[in-house]
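Have a look at the structure below, then the notes.
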Amino acid sequence: MNERTLHPAECASVRLSFEYFPPKNEEMETQLFQTVSDLSVFAPAFVTVTYGAGGSTKARSLTTVRRMIEEMGLTNTAAHLTCVGAPKAEVDAVIEEFLASGVRHFVALRGDPQGGIGSAYEPFPGGYENAAALVKALRARGDFEISVSAYPEKHPESPSVAADIDMLKRKVDNGATRAITQFFFDNDDFERYLERVRSAGVEIPIVPGILPINNLAQVQKFAGLCGSKIPDSIVSRLGHLDDRPEERFKEATHIAAEQIVDLVRRGIGDFHLYTMNRSPLVAAVCDLLGYERRPAAEFAAERPRRAAATG
């Protein structure tokens, strides 16, 4: 049995979603929407657009989400939303703007502390105190999808995994319909976490967050900030290939595909891929797994119908 590819029946039962972040300039905007177009051929179940700490990318997030829905026809676009650095009235106004733009799926997050990762979190005066409160406010506005975060290796600010799971349960009790995990590389950690989540009575889908490694040093930095670990076996496979980009790309493709195949064979059917707004590595992973590419013309023909559905 190939550890890097899925059988056709396995592919048919697996759902992918992709995360993007709002561009900072015109060049990055061009790259983003080329990436979105490139990856749309894999028919993602949904895509998400991030939202900067304290609403620092609010305008760019709104613009990106609107273009995803109106121009790209991606009516399954989910908008990230945080409660850091803003009073309830300001957050509520952003929610209404997203709803008016056709958003019917939110990713509700507390957000990083205003002082940056590593500083102490303090609720904003008059704001939503945490993600559970934000989920409750969103659920009061309608019956739509609400995804939240989960941490197989524990949130870096949390005292324990049990405290993390308790917060997840509060978010579910307030109306969350799905949890997307922080990226991880050890599937045993995820499986142990999932067992604990289910034992706690949380039954919503727990979707693994998968980060294909474009740049090992960058991912090591991300991992250090968010409390994730990169196994030595992965470092040894990639660390000596800095001056051999083609070999590095191939090995990174294999690493991500192997992780997904192993999770599928452990019974997981949904995966959220962190794209970093770049398509080549993510597309290579999907191809290696055995996903069929939909003809571009087929997707383009659907755009008018999708856009009309939001009108």
*Tell me, what HN-Hα J-couplings in whole Hz come from the Karplus equation 6.51 cos²θ - 1.76 cosθ + 1.60 at θ = phi - 60° for each residue of the range 43-51, using x for Gly and Pro?*
6, x, 4, 6, 10, 10, 10, 6, 9
*So how do THR75, THR275 rank on accessible area, 1.4 Å probe, biggest first, that is with the largest at the start?*
THR75, THR275
_Exposure ranking of MET68, MET28 by accessible area [1.4 Å probe, largest first]_ = MET28, MET68
*the chain - mean residue ellipticity at 222 nm from DSSP helices (-39,500 (n - 2.57) per run, n ≥ 4, rounded to 500)*: -14500 deg cm²/dmol
*asked:* Per residue of the range 158-172, what does 6.51 cos²θ - 1.76 cosθ + 1.60 with θ = phi - 60° give for ³J(HN,Hα)? Whole Hz please, x for Gly and Pro, Karplus curve as stated.
replied: 7, x, 6, 4, 4, 5, 4, 5, 4, 5, 4, 4, 4, 5, 5
_When each of LYS58/LYS171; LYS88/LYS229; LYS58/LYS221 is checked by Cα-Cα distance, pairs over 30 Å_ = LYS88/LYS229
_Among [x] 0.94; [y] 1.01; [z] 0.98, only one was calculated for this model; which label is it, if the read-out is Rg/Rh (Cα atoms, Kirkwood Rh)?_
[x]
*asked:* For a quick check of understanding: with a 1.4 angstrom probe and all protein chains in place, what accessible area in square angstrom does THR63 have, to the nearest ten?
replied: 80 Å²
*asked:* Once the convex hull of the alpha carbons of the range 1-102 is built, what does its volume come to per residue, in cubic angstrom?
replied: 126 Å³
*For GLU153, GLU191, give the ranking by accessible area with the largest first, probe 1.4 Å.*
GLU191, GLU153
*Can you list the aspartates and glutamates whose alpha carbon sits under 13 Å from that of LYS250, skipping same-chain ones fewer than 8 residues off?*
ASP242, GLU258, ASP287
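The values are calculated or read from the model by the stated rules, or taken from the named source; none is laboratory data. Note that this is a predicted model, so its numbers are computed, not measured. Protein only, heavy atoms only, side chains kept; ligands, DNA and RNA dropped before computing areas. Shrake-Rupley method; radii C 1.70, N 1.55, O 1.52, S 1.80 Å.
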